[in-house]
Amino acid sequence: MVSPSTFARRSAAAGAVVWVLLLLVASSDSPQTEVIHKIVFFAILVIVPLGLAVAGDNFESLWLYNLVVLVQPFAAVVTAASFFVSMGMRAALLASAWLILTGLVALFGLSRLIARGVYPLHELSIDAGLLYLPVAAGWLVVYRFGVQPFGYGETIILLTVVHFHFAGFAAPIIAGANGRVLATTKYPHKLFGISIFAIVSAMPLVAAGITFAPVLGLIGTLLLSIGLVSLAVLALGWVLPAVCSTGKRVLLAIAALASCAAMVLACLYSYSLVAKILILKIPTMAMTHGILNAFGFATLSLLVWSRHKKE
């Protein structure tokens with residue numbers, strides 16, 4: 001019988017095939033929006049099931065986890081379909097499938113936390129990633145409904161959706177997965193604590209910067225950069241030597257370097273918003289920061305950690 005985590009990995013593989021097919025179909029008249037749509041599709045079809053495979057370690061017997069893993073691919077397909085329906089009530093109802101799924105994911109994260117307690121810190125980081133995911137889904141429903149609360153533009157809302165799928169969901173889970181390996185070695189505990197705190201606490205600040213004040217976004221971006229760079233140092237210095245597979249070490253090294261490069265671009269962009277100086281445009285950010293973060297850091301890391309516990 002297939003285990004839930006194996007099902008989640010297979011769902012991610014099937015999702016990757018669906019995503020490739022979706023690359024051939026336009027979902028927007030705007031090239032800029034189209035690129036961001038494709039990143040959202042990748043998040044719901046591939047990143048989330050891979051993250052669930054990592055988070056389910058030691059919780060595979062929990063009925064809620066089994067339900068989440070089973071529902072995820074159906075919710076992802078229905079949600080993707082909402083992008084090919086005109087914005088409005090019907091599109092929002094289709095996208096609500098993702099809101100329901102992520103609500104279940106958050107309940108799973110809460111059940112992990114209650115069953116285990118606050119410690120260890122690396123598992124708390126994974127809990128945070130699971131709990132942040134419904135925020136992405138909520139804004140996704142708003143986006144497909146076609147409303148712009150508080151005067152936010154469609155692009156800003158869409159970027160918030162992307163932010164909470166990758167920085168909010170994937171990054172804390174990846175940090176936690178690294179922590180599982182670090183727990184078996186001697187490593188700088190304070191540096192890891194700083195990394196987890198920075199990654200988890202940066203999420204609301206970056207989101208506030210996107211929607212409210214650019215200066216908050218800059219502070220959040222700098223904090224997230226500290227967290228991810230610290231995680232990269234830990235990964236390169238302590239995690240990689242503890243991983244037996246050469247191939248996995250290479251993937252983790254590329255992921256660590258990609259996250260650092262992505263955050264340099266994010267800091268430049270956030271600074272440009274505060275200083276009102278054009279340094280990087282949104283399409284450029286999507287093609288550089290977005291790709292480095294989505295396919296370099298998140299995908300490579302989750303590919304490794306979703307299978308590492310099986311070794």
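The values are calculated or read from the model by the stated rules, or taken from the named source; none is laboratory data. The model shown is predicted, which means the values in this text are computed figures rather than measured ones. Neighbour counts run over all protein chains shown; Cβ positions are idealised from the backbone, glycine included.
A few remarks follow.
- Filtered residue count, segment 131-172, keeping only those that are closer than 16 Å to MET285 by Cβ, modelled with pLDDT of 90 or more and β-branched (Val, Ile, Thr): 2
Conditions (1) farther than 18 Å from HIS37 by Cα; (2) not aliphatic (A, V, I, L, M), marked per residue:
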site: LEU140; (1), (2): no, no
site: ILE156; (1), (2): no, no
site: PHE164; (1), (2): no, yes
site: PRO172; (1), (2): yes, yes
site: ALA177; (1), (2): yes, no
site: VAL200; (1), (2): yes, no
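Conditions (1) within 14 Å of ILE174 (Cβ to Cβ); (2) among the basic types (Lys, Arg); (3) at pLDDT 90 or above, marked per residue:
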| residue | (1), (2), (3) |
| --- | --- |
| LEU252 | yes, no, yes |
| ALA255 | yes, no, yes |
| MET263 | yes, no, no |
| ALA266 | no, no, no |
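Conditions (1) out of contact with any strand residue (DSSP E or B) (no Cβ under 6 Å at 6 or more places or on another chain); (2) over 24 Å from ALA253 (Cβ atoms); (3) surrounded by fewer than 23 Cβ atoms within 10 Å (Cβ to Cβ); (4) among the charged types (D, E, K, R), marked per residue:
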| site | (1), (2), (3), (4) |
| --- | --- |
| ARG116 | yes, yes, yes, yes |
| PRO120 | yes, yes, yes, no |
| LEU133 | yes, yes, no, no |
| ILE156 | yes, yes, yes, no |
| PHE164 | yes, yes, no, no |
| ILE174 | yes, no, no, no |
| ASN178 | yes, no, no, no |
| PRO188 | yes, no, yes, no |
| GLY209 | yes, yes, yes, no |
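Results for (1) modelled with pLDDT under 90; (2) out of contact with any Ser or Thr (no Cβ under 7 Å at 6 or more places or on another chain); (3) farther than 18 Å from ALA298 by Cβ; (4) charged (D, E, K, R), shown as yes or no for each residue.
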| position | (1), (2), (3), (4) |
| --- | --- |
| GLY179 | no, no, no, no |
| ALA183 | no, yes, yes, no |
| PRO188 | no, yes, yes, no |
| GLY193 | no, yes, yes, no |
| PHE197 | no, yes, yes, no |
| VAL200 | no, no, no, no |
| PHE212 | yes, yes, yes, no |
| LEU222 | yes, yes, yes, no |
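- Complete set of residues in segment 212-232 that are of a type in the set (A, V, I, L, M), touching a residue at least 40 places away in the same chain (Cβ under 8 Å), crowded, with 18+ Cβ neighbours inside 10 Å and farther than 18 Å from GLY193 by Cα: LEU218
- Annotation: ALA97 fulfils all but one of (1) surrounded by fewer than 20 Cβ atoms within 10 Å (Cβ to Cβ); (2) assigned to a helix (DSSP H, G or I); (3) of a type outside the set (Phe, Trp, Tyr); the unmet one is (1).
- Being assigned to a helix (DSSP H, G or I), touching a helix residue (DSSP H, G or I) at 6+ places or on another chain (Cβ under 8 Å) and aromatic (Phe, Trp, Tyr) is a condition met by no residue of segment 151-163.
- Any pair with Cβ under 7 angstrom, 6 or more apart, that starts in segment 233-262 at a residue that is touching a residue at least 60 places away in the same chain (Cβ under 8 Å) and closer than 19 Å to PRO188 by Cα and ends at one that is of a type in the set (S, T, N, Q) and in a helix (DSSP H, G or I): VAL239/ASN178
Results for (1) more than 17 Å from ARG180 (Cβ to Cβ); (2) surrounded by 15 or more Cβ atoms within 10 Å (Cβ to Cβ); (3) hydrophobic (A, V, I, L, M, F, W, C), shown as yes or no for each residue.
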| residue | (1), (2), (3) |
| --- | --- |
| LEU257 | yes, yes, yes |
| GLY296 | yes, yes, no |
| TRP305 | no, yes, yes |
| HIS308 | no, yes, no |
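- Pair list, Cβ under 6 Å, 6 or more apart: segment 1-21 residue without any contact (Cβ under 8 Å) to a residue 60 or more places away in the chain, other residue part of a helix (DSSP H, G or I): ALA16/VAL46; TRP19/PHE41; TRP19/PHE42; TRP19/LEU45
- Counting only helices (runs of 4 or more DSSP H) wholly contained in segment 193-311, the ones carrying 1 or more residues that are closer than 21 Å to TYR132 by Cβ and small (Gly, Ala, Ser) occupy 214-234, 246-275, 299-308.
- Test: ALA75 is under 22 Å from PRO172 (Cβ atoms), touching a Pro at 6+ places or on another chain (Cβ under 6 Å) and at pLDDT 95 or above: no
- Residue in segment 3-24 that is of a type in the set (Phe, Trp, Tyr) and either closer than 22 Å to SER111 by Cβ or in contact with a Lys or Arg (Cβ under 6 Å, 6 or more places away or on another chain) (or both) present: yes
- Check on LEU124, over 17 Å from the mean Cα position of the chain (by Cα) and over 16 Å from ALA43 (Cβ atoms): no
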